[in-house]
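The values are calculated or read from the model by the stated rules, or taken from the named source; none is laboratory data. Computed from a prediction, not measured in an experiment: that's the story for all the values here. Ideal geometry is used to build each Cβ from the backbone, glycine not excepted, and the neighbour counts take in all protein chains shown. Protein only, heavy atoms only, side chains kept; ligands, DNA and RNA dropped before computing areas. Shrake-Rupley method; radii C 1.70, N 1.55, O 1.52, S 1.80 Å.
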Amino acid sequence: AAGVIQSPRHLIKEKRETATLKCYPIPRHDTVYWYQQGPGQDPQFLISFYEKMQSDKGSIPDRFSAQQFSDYHSELNMSSLELGDSALYFCASSLGGALELFFGEGSRLTVL
Amino acid sequence: SQQGEEDPQALSIQEGENATMNCSYKTSINNLQWYRQNSGRGLVHLILIRSNEREKHSGRLRVTLDTSKKSSSLLITASRAADTASYFCATPRGSGNTGKLIFGQGTTLQVKP
């Protein structure tokens, strides 16, 4: 069965650079979530989209933005990267009001 | 502070033994979920228990929920080396049912062969 696809899997950037992460949800899933997981930490909710509209916002820095496109894929844009942005970034998707989230394998961002 | 707090933070057992992990939360919830994460990998949904349920089973997993104590436990019976992973409880943010989750700090389980 198709799963949530994230790219790139690994990304290395310098401070103050920008990075874009992509997420392709499970087909027919209409809701996408972004989570950030620092080393040894629990995942933190960043932002979510339902039917291409932002549905909720969590602890997402102002330097980050995200959107969901007409084909339901989502992109997380991160600018002015800081060392503390180094983390695993997960995308998850769900269908309608389903409570179970399906997570991708994550994108590991390292900021040097 | 985190909505969910888990204990123990780390657990090491022998294959065949049972593993119990506990989770506490602060606010009222409609449901609580447990996820598993292999090191550096994505989270995998294990089981969801609703606030009107006290116990739920799925294979070797048994989850309990005590809303009066705002706590849940995950029991893995007859553990296997492949169960080695981190286990997180997660509760919805805000009121109502929502997929926007607050995760606990996780329990790292090591099952020795």
Taking the radius of gyration and the Kirkwood hydrodynamic radius from Cα positions alone, what is the Rg/Rh ratio for chain B, to two decimal places?
0.95
Within 10 Å of the Cβ of an average residue in B:34-42, the count of other chain Cβ atoms is 4
Heavy-atom accessible area of residue B:17 with all protein chains present, probe 1.4 Å, nearest 10 Å²?
90 Å²
Two-decimal Rg/Rh of the range A:1-47 from alpha-carbon positions, Kirkwood Rh?
1.01
Among B:28, B:72, B:58, whose mean-square fluctuation peaks in a Gaussian network model of chain B (Cα, cutoff 10 Å)?
B:58
What span do the alpha-carbon atoms of the protein assembly as shown cover on each of the three principal axes, reported in whole Å from largest to smallest?
48, 37, 36
Please figure out what share of the DSSP beta bridges in the range B:5-112 is antiparallel and state it in percent, rounded to the nearest 5.
90 percent
Under a Gaussian network model of chain B whose springs join Cα atoms within less than 10 Å, the largest fluctuation of B:26, B:56, B:100 belongs to B:100
Just to be sure I understand the model, the point goes 7 Å from the Cα along the line to the Cβ. What's the resulting residue B:112 to residue A:83 distance in nm?
3.7 nm
Kirkwood Rh, chain A, all Cα pairs: how many Å?
13.8 Å
Where both partners of a DSSP beta bridge lie in the protein assembly as shown, what percent of those bridges are antiparallel, to the nearest 5?
90 percent
Residue A:98 to residue A:65: FRET efficiency via 1/(1 + (r/R0)^6), r the Cβ-Cβ distance, R0 25 Å, to the nearest 0.05?
0.45
Using a Förster distance of 35 angstrom, determine the FRET efficiency expected from the C-beta separation of residue A:16 and residue A:51, and round it to 0.05.
0.55
Place a +1 charge on the Cβ of each Lys and Arg in chain A and a -1 charge on the Cβ of each Asp and Glu, then give the dipole magnitude about the Cα centre in debye, rounded to the nearest 20.
220 debye
How high is the relative contact order of the range B:5-112, given as a whole-number percent (alpha carbon pairs under 8 Å, six or more residues apart)?
37 percent
Which ³J(HN,Hα) values in Hz, rounded to whole numbers, follow from the phi angles of the range B:75-83 under the Karplus curve 6.51 cos²θ - 1.76 cosθ + 1.60, where θ = phi - 60° and Gly and Pro get x?
10, 10, 8, 6, 4, 10, 4, 5, 7
